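Worksheet for the structure shown next.
The values are calculated or read from the model by the stated rules, or taken from the named source; none is laboratory data. These figures come from a predicted structure and were not determined experimentally. Neighbour counts run over all protein chains shown; Cβ positions are idealised from the backbone, glycine included. When the accessible area is computed, the model is the full protein with side chains, heavy atoms only, and any ligands, DNA or RNA have been set aside. Shrake-Rupley method; radii C 1.70, N 1.55, O 1.52, S 1.80 Å.
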Amino acid sequence: MAILTRRSVLRASLGIATAAVSARPYVANAAATTAEVWWVQGFAPEEDISFKKIVVDYEKASGNTIDYSIIPYAPERQKIVSAMTSGIVPDLFQNNPGEIIALYAWDDKLVDVTDVVETQKLRYNETALLTAYCYNNAEKRRSYYGVPYTSAVRPNHIWRPLVEKAGYTMEDLPRTWDAFYDFFKEVQKKLRAQGERKVYGLGFQMNTTGNDCNALFDYFLIAHGGQDIVTRDGKLHLDDPKVRQAVLETLIYPTTAYKEGFVPPGAINWNDADDNNAFHAKQIVMDLDGTISTEVAVIHNEQDYRDIATIGLPLSNDGKPVPSQAPSACGLIPKGAKNIAVAKDFLKYLIQPQILNEYLKTGLGRNIPCMPSIVKDDPWWLDPRDPHRAPYIQQGLFGPTLSTFWTFNPAYAQLQNEHVWPTAWADITTSGMTPQAAADKAFKRAEQIFAKYPIAQS
């Protein structure tokens, strides 16, 4: 599995001069027309303001009209499923949730947007391009079925005052994986000794719904050496002893922490917002969660904003850098769309570096540019006066990254939709199953799912 390093990112940046020659500038359409766009509501109001500004500017530049609806995250997911099932679709929506790009590409339900991606292709980092490069089972080939416009990783969010109240400093944090998270168990013990009965050390999402639990599993799996569970050829590698051991260790660590009382009891029933809520209520000392939405949510409370520490991933237990999975948000055009040309035109406009930069900045930088040149050309992203953006960018753009496993085979998306791995956690925590038995059950289901998604090898 390809991993991006700082060196490879810098090589990508050096290609910008070439990209400027090959990337076509935005040119407005001669004939004005309308595209229907569904856009997910931002985590912060500023993100919606930013999108609306993009639409206004695009309409002025092109003469086209964007008939948009800004929809909350969960309802938009439901609308997309209903639309794709009925065939009555808008002209553009995002991959919400992320894995639908792989599932709908497999089913030949998305328009090939290679021509849009090509306008900025040399500016993208490799991980973003891989997210959009999916397999079409009808055509037996891969192509670009989404247009990436941002990426995201999962940093550690930590309440510094709680660590200090326990008698530690941030410099005391261990550097390797298990030791790093074990540290917060000790923080909890010290806080409990001081009468803080409702504070838990770890904010692990142990539920069997939503996206966060799947992502948490994958991060632990990668940290324990299981990153080759699915390779670029789309094959599942549960026959690899290293992968099987990584899965087993990923089942053991969080469930043991939960059963020992270091994770809130309600974490098995959380939704994707509940860990954020628990963190903001200072019920958990740390949370491993996607983007810096946790920090952005309190940006107008200067004390809380400064009290949170944003820290990248610790090293693996054997001292090696752990790559972050970095999925990209992409614009998708469904087959059956009435105004494909305008949808593509709007996406070409959106992904121009100067436009995309302002969009992401107005959205408070919660998501990472998937074009290294944007960060290179604008010092705002790495401004040391902000305590969160720089470490987030370092982890997600200049640190090692890899794509999601469903990029290589949509079977992994189906596996995640069924919450196969989090269900194994639940089998251990609530049903009394041994980790090995839970792993064997999950292995069997994973193999059954992958058998339904054979990928032709070129």
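For this structure, a couple of remarks:
- Cα-only Debye scattering, region 53-92: base-10 log of I(q)/I(0) at q = 0.17, 0.26 Å⁻¹: -0.58, -0.87
- If you bin all the Cα-Cα distances of the chain at 20 Å, starting from zero, the percentages per bin are 25, 58, 17, 0.
- Across every pair of non-identical alpha carbons in region 230-362, the mean reciprocal distance, once inverted, gives a Kirkwood radius of 19.5 Å.
- Region 351-458, accessible surface, carbon-and-sulfur percent (1.4 angstrom probe): 54
- Gyration tensor (alpha-carbon) shape descriptor, region 298-360, a/c threshold 1.5: oblate
- DSSP-loop trypsin sites (Lys or Arg not before Pro) across region 132-175, with at most 16 other Cβ within 10 angstrom: LYS140, ARG175
- Efficiency of FRET between LYS165 and SER69 - r from beta-carbon atoms, R0 51 angstrom, step 0.05: 0.65
- DSSP finds beta bridges in the chain, and of those with both partners inside it, around 60 percent are antiparallel.
- Rolling a 1.4 Å probe across the protein heavy atoms gives the chain an accessible surface of 39 Å² per residue.
- Rounded, prolate or oblate (a/c below 1.5 giving rounded, otherwise prolate when a/b exceeds b/c) for region 110-224 by Cα gyration tensor: prolate
- Between ARG232 and ASN317, the distance separating the two model label sites (each 7 Å from Cα on the Cα→Cβ line) works out to 3.0 nm.
- For the chain, the longest principal axis of the C-alpha atoms and the axis of helix 435-450 are separated by about 10°.
- Span from the region 90-121 Cα centroid across to the region 311-344 one, whole angstrom: 12
- Cα-Cα over 19 Å, subset of LYS60/LYS344; LYS60/LYS121; LYS121/LYS376; LYS109/LYS140; LYS185/LYS259: LYS60/LYS121
- Net length gained if the chain between GLN194 and ASP239 were fully extended (0.36 nm per residue, minus Cα distance): 11.4 nm
- ILE49-GLU118 FRET efficiency (beta carbon distance; Förster radius 35 Å; 0.05 resolution): 0.70
- Cα gyration tensor, region 52-177 - rounded (a/c under 1.5), prolate or oblate: prolate
- Scattering curve values for region 394-458, log₁₀ I(q)/I(0), Debye with Cα scatterers, q = 0.18, 0.19, 0.23 Å⁻¹: -0.76, -0.80, -0.92
- At full extension, SER82 and GLU186 could sit 32.7 nm farther apart than now, given 0.36 nm per residue minus the alpha carbon distance.
- Between the helical axis of 177-193 and the longest alpha-carbon principal axis of the chain there is an angle of about 60 degrees.
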